[in-house]
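Remarks on the structure that follows.
Please treat every number below as a calculation from the coordinates, not as lab data. Since the model is a prediction, treat every value here as computed from it, not as a measurement. Backbone-built Cβ (ideal geometry, glycine too); neighbour counts: all protein chains shown.
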Amino acid sequence: MPAYPRLLFAAAQPDICKTELTCAFLQAAADRGLLPTAFQCGAGCGSSALHQQIPGVKSRCLDHFLTTEETMQSLLYADASNSQLAVLEGGSGFFDGAAGSDLSSAWDIASITRTPVVLLLRPQESALTLSAQVQGLLHFRPKSGIQALLLYSCCAAQYQVLATVLERETGLPCAGYLPKAEGSTSQDRIQVLVQQLERTANMTLLLQIAQSAEPLSPALLPSQPVTQQAPRIAVAQDDAFCCRFAENLELLEHLGAVLIPFSPLADSVLPPCEALYLGGTLPEQYADALSRNISMRESIRRVVLDGLPTLAEDGGFLYLGQSIENRSGTSRAMCGVLPGRSFRGKRPQGGCTRLTVWQDNFLCGKGTHLRVFTAPGQDTDARGADLLFHTENGSQWACGFAHGSVFASFARLYFLSEPVLAVNFVQAAAKRIRR
C-alpha cells in the first residue's frame, strides 16, 4: 500500500476564497519541487478549471453521488504513482453535501479517502466563540479528520491573539494566517497568496500533515483496451468548451481511443475522426465567435447527420442546435443539427441528479439509469424528450436527444459512474473504421 501525501482544504464559512487558496498551495508546493495533483470535491468544473491553470497540475473530481467509495479511493491510488502530493478542495461548508445531506461533502470525501483536513477560518472578534464553532465541527460527525487551522483574511495582530486561544481551546495547531488577497483577477490574487503562504503560513506544518495521511489500499479502475484499431475521438477543447471531467478523457484513452483536440472557435473544420465529444461550457459568452466560424459549423453538421457517434453535453448540446443567444440577447446561428433555439431562460434545477434513458443509442440502451451532473445556464425551446431527469426534490423533467448515433442533453456524464458508457463510445467509434 503506497503512502500518498495528501490534505484537504475545507472552509468553515462560505465567504473564504477556497479555490484561490487551493491554487496558491498547489503553486507553492510546485515551487518547492513537488509534483502536485488537485481534486475537487463535487462535480462542478469551476474549481478544476482554475486548478489546471497552475502549470503541470491536473485536476479530477471526487463525488460520492456520481460514484462509489471504491472508485474514489481508486482515483487517488491510481494517481499516487504519477504525483507526489494530492491537494483536495472541499465543497461549500464542511458537512454540506447533496440535497441537504452530508453526501459528497468535504467531511464525507475526507472520511472515505482518509485525508487529513486543514480547516480555513475567517477571524471574528470573539476568539472563544470561534473556538466553540471549531469544537462543533470537530464533534458534529465521527472522525472529522481536522488536523490544523489556517486563518484567512487575518492580520498579524489578530493572529497572535486568536492562535493562542484557538490552540488552547480546540487542541489543534494553527498553521498560520493569510491576509485577504487583493487583485483584479483570480490569477493576481493567487500569486499574492503564493507569496503569503511562504511568509505567514506554516508550509512545513501543512506538508507534514499531508505526509501523515494513511496509506491507500489498491483498487483497479477499468483500463483494458477494448479495441486495437485506435479510433479517433475529436474533443472540443478551447475557451468555449472547457468544462468536462478529465477522468472521462483518461478512460477513453485507456480503452484504446486516440483523442484529437480541436477548437470550434479557431479551427476551420473538424479534424478527421470516428467520433465527436462536445463537452460542457457557457456558449453564450462565445456565441458570436462560434457563429462566425461557418466552415466549422458546417463540417460538424455534415458528419453528425451522416451518423458520426456524437456526445454533446450542456453547452455542446446547445451548440448542435439552431441558435444561441449572445450576452446582448441576439440569436446567433449554430450547427443546426438539432431543432432547439437556446435563450437566456432558467433551465430546470441543476446539480447532481438521476436520469432514465427512453431510447436506444450508441452509449446505452433504453431503460438505462444514470447519475449525472447538470449546471445552470441557457435553456432551449426544443429540449427533446429522450431522457427523463429525476431531481432530489421529487420533480421530473424531460430533456435530450439520445437515439441512434447522438447523445445530446444538459447532462454531463461521468464515465467512472458507468464505465460501460466509455466502452460503448470507443466501440462505436471503432465501428466507423470498419465501414
Mind listing P(r) for segment 263-307? All alpha-carbon pairs, 5 Å bins, whole percents. 5, 21, 30, 27, 14, 3
15 Å beta-carbon shell around Leu8, net charge (K/R +1, D/E -1): -1
On C-alpha positions alone, give me the angle between the axis of helix 419-433 and the longest principal axis of the chain, in degrees, nearest 10. 40
Taking amide H positions as placed 1.01 Å from N in the peptide plane, with prolines and chain starts having none, which residues 5 or more places from Ala312, or on another chain, fall under 5 Å of its amide H? Leu278, Phe407, Ala408, Ser409
Would you work out if segment 6-211 is rounded, prolate or oblate? Take a ≥ b ≥ c from the square roots of the eigenvalues of the alpha-carbon gyration tensor; rounded if a/c is under 1.5, else prolate when a/b is larger than b/c, oblate otherwise. oblate
Applying a 10 Å radius around every beta-carbon, put 113-120, 320-327 in order of their mean neighbour count, most first. 113-120, 320-327
Rg and Dmax of segment 19-106 over Cα atoms: what are they, in angstrom? 12.9, 40
P(r) over all Cα-Cα pairs of segment 232-433, 10 Å bins from 0 to the longest distance, whole percent per bin, short to long, reads 10, 40, 38, 12, 0
Restricting segment 155-233 to trypsin sites (Lys or Arg not before Pro) in coil, as DSSP defines it, with at most 16 other Cβ within 10 Å: Lys180
In whole angstrom, the spacing between the Cα centers of segment 243-281 and segment 372-387 equals 21
At most 15 other Cβ atoms within 10 Å and a DSSP loop assignment: could you name the trypsin sites (Lys or Arg not before Pro) in segment 3-42 that fit? Arg32
Once Ser268 and Gln124 are pulled to full extension, the length gained, defined as 0.36 nm per residue separation minus their Cα-Cα distance, is 46.3 nm
Jot down the radius of gyration and Dmax of segment 147-293, Cα atoms only, both in angstrom. 23.6, 65
With θ set to phi - 60°, apply the Karplus curve 6.51 cos²θ - 1.76 cosθ + 1.60 along segment 403-411 and write out the HN-Hα couplings as whole Hz, x wherever there is a Gly or Pro. 8, x, 9, 10, 10, 9, 6, 6, 6
What is the gain in length, in nm to one decimal, between Arg168 and Gln224 on full extension, counting 0.36 nm per residue of separation less the C-alpha to C-alpha distance? 14.9 nm
Hull volume in cubic angstrom per residue (convex hull over the Cα atoms of the chain): 144
I'd like the distance between the alpha-carbon centres of segment 112-169 and segment 1-30, rounded to an integer number of Å. 15
Hey, can you grab everything whose amide H is under 5 Å from the amide H of Cys174? Only 5+ residues off in sequence or another chain; H modelled, so Pro and N-termini drop out. Leu149
To the nearest 10 degrees, how steep is helix 294-305 against the longest Cα principal axis of the chain, on a 0 to 90 scale? 70
